[in-house]
Structures are given as structure tokens and as C-alpha cells.
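Colleague: Quick one: the structure is below, and I'll ask about it shortly.
Any read-out appearing in this document is the output of simple, stated calculations on the displayed coordinates, not a laboratory observation. Please read these numbers as outputs of a predicted model, since none were measured by experiment.
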């Protein structure tokens, strides 16, 4: 399994502002949210909820972080559903290479789902049918989610 430090972790770099400026939609003392780089064309608005602190796997989350992560995850799931007018939400979390993890910083996928979106079926199912979403579009998605979170009383 890759040994990824906070210095080389792509999510830590995003959180430090070294990559994709203006892409973070929400940040508090424990958690942050930003759009996934790869999204299904039928499921635009796919967000990632991450801890600010570098934590490689779900098993490494302590009680001090579990509550804040779940609180942010629940708020973001409700807001993504509203902002994208989705029919439902899928939340995914993977651990280790054989569990599907490819970035070794805990993250939860919040994916808007729609009737008949074929997210889990066919040749274009997730993750095979994902496309790389341009930074400008991810910044737009982040701004839209940020504004919606602000309206619900959830601040940056």
C-alpha cells in the first residue's frame, strides 16, 4: 500500500491551496468539501467530504473527528440533493487499494442520483464512465454548493 504523507497527498495540497484554487466549497476546523475531479456525466455535482487533518483510512479516524465528519457529510448530502435537484444521494467511502481507494486520505463521495441514471450498471457505470471535469466547472460547482450551504446556515 502506498505510504502517502500530508506533504505529498493530493487532497492535502488542495486544502493548502496548492492545487485548483477556489475549488473548496466548504471548510471548517475539521472538515472540507470540494467537487470530485472525475464525475459521471449524468451525475454532475459529485462532492468529496474530507478531514482537514491527513488521515489515510477510515480505521484511523478518532472519536474527535468522527462526529464532525458525519455532521458535514449529512449537511452536504442534503445540500447536494437540493442544488442538483437529484432524486437521491449515494455516499461511498473506500479503504485500501483492494477496497477501491486511490487517494490515501479519507474521503466520502457524495453523488447526486437520478431515476434511470444507470450509475451502477452497464459499460458506463461508475467509475468506468467518469470524465475529468475541468477546473473552471469544479469551481462553479463549489461556488454553487457554498452559496447553498450559506443559505442553510452552514458557513465556510
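Colleague: What percent do you get for the relative contact order of the chain when only Cα pairs under 8 Å and 6+ apart count?
Modeller: The value is 31 percent.
Colleague: Starting from 0 in steps of 10 Å, tell me what percent of the Cα-Cα pairs of the stretch 83-127 lands in each bin.
Modeller: Bin by bin from 0 Å, the calculated values are 24, 45, 29, 2.
Colleague: Could you state, as a whole-number percent, how many of the C-alpha pairs of the chain are farther apart than 18 Å?
Modeller: Of all Cα-Cα pairs in the chain, 57 percent lie more than 18 Å apart.
Colleague: For the stretch 78-156, what does the convex hull of the Cα positions come to per residue, in cubic angstrom?
Modeller: Cα convex hull per residue, to the nearest whole number: 119 Å³.
Colleague: Hey, another quick one. Determine the distance separating the Cα centre of the stretch 1-63 from the Cα centre of the stretch 64-82; give it in Å without decimals.
Modeller: Between the Cα centre of the stretch 1-63 and that of the stretch 64-82, the gap is 14 Å.
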